[in-house]
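What follows is a set of notes on a single structure, which appears directly below.
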Amino acid sequence: MARILLIEDNDPIRTLLRETLELEGHTVIEAHNGQEGLDLFRQAGADLVITDIVMPEQDGLSVLMKLRTAHPPVKVIAISGGGLGSGEGYLEAARLLGAAKVLLKPFATAALVAAVNELLPDAGAPPPVSP
């Protein structure tokens, strides 16, 4: 399965998303803010990054821009519930900056699983059998 970096400052949301992804068989690395997430990505890498947008230390849009510059192939799912501005506005900005998928909070965990499966269709697929 995939190695996923989950960047979310809200502890209950991060826990719910981590547990959901782990039930799907993924390995999840957690970060509490954007700066911690970038540091973890540099150290451990990931097949997919899921980042909140409105966070302390470094927001998700900055994380997305830095990942696009330094690691263009990595796929990113941006999530946001709004904050001071409109959640949809933040997510549109994330889409323009290169997020592969965006989800507006609150969303069903099934929507997250579907987005992950769409972006990583071969994650966890058994290796081909040689004849």
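The values are calculated or read from the model by the stated rules, or taken from the named source; none is laboratory data. Here the structure is a predicted model, which is why all the values come from computation and not from measurement. Cβ atoms come from the backbone with ideal geometry, glycine included; neighbour counts cover every protein chain shown.
Determine the pairs where a residue that is at negative phi and crowded, with 18+ Cβ neighbours inside 10 Å, located within segment 7-21, has a partner that is among the acidic types (Asp, Glu) and part of a helix (DSSP H, G or I) with Cβ atoms under 9 Å apart, the partner being 6 or more residues away or on another chain.
Qualifying pairs under 9 Å: ILE7/GLU36.
Do the conditions hold for ASP47, that is, is it free of Cβ contacts under 8 Å to residues at least 12 places away in the same chain and either more than 18 Å from PRO121 (Cα to Cα) or of a type outside the set (Phe, Trp, Tyr) (or both)?
It is false that ASP47 is free of Cβ contacts under 8 Å to residues at least 12 places away in the same chain and either more than 18 Å from PRO121 (Cα to Cα) or of a type outside the set (Phe, Trp, Tyr) (or both).
Restricting attention to segment 15-44, and to residues there that are out of contact with any strand residue (DSSP E or B) (no Cβ under 8 Å at 6 or more places or on another chain) and among the β-branched types (Val, Ile, Thr), which single residue is nearest to ASP122 (Cα to Cα)?
THR20
Evaluate the following for ALA99: is it surrounded by 21 or more Cβ atoms within 10 Å (Cβ to Cβ), farther than 17 Å from ALA2 by Cα, among the aliphatic types (A, V, I, L, M) and modelled with pLDDT of 95 or more?
yes
Please go through segment 25-37 and pick out each residue that is closer than 16 Å to ARG3 by Cβ and either buried (at least 18 other Cβ atoms within 10 Å of the Cβ) or in contact with an Asp or Glu (Cβ under 7 Å, 6 or more places away or on another chain) (or both).
Those that are closer than 16 Å to ARG3 by Cβ and either buried (at least 18 other Cβ atoms within 10 Å of the Cβ) or in contact with an Asp or Glu (Cβ under 7 Å, 6 or more places away or on another chain) (or both): HIS26, VAL28, ILE29, ALA31, GLY37.
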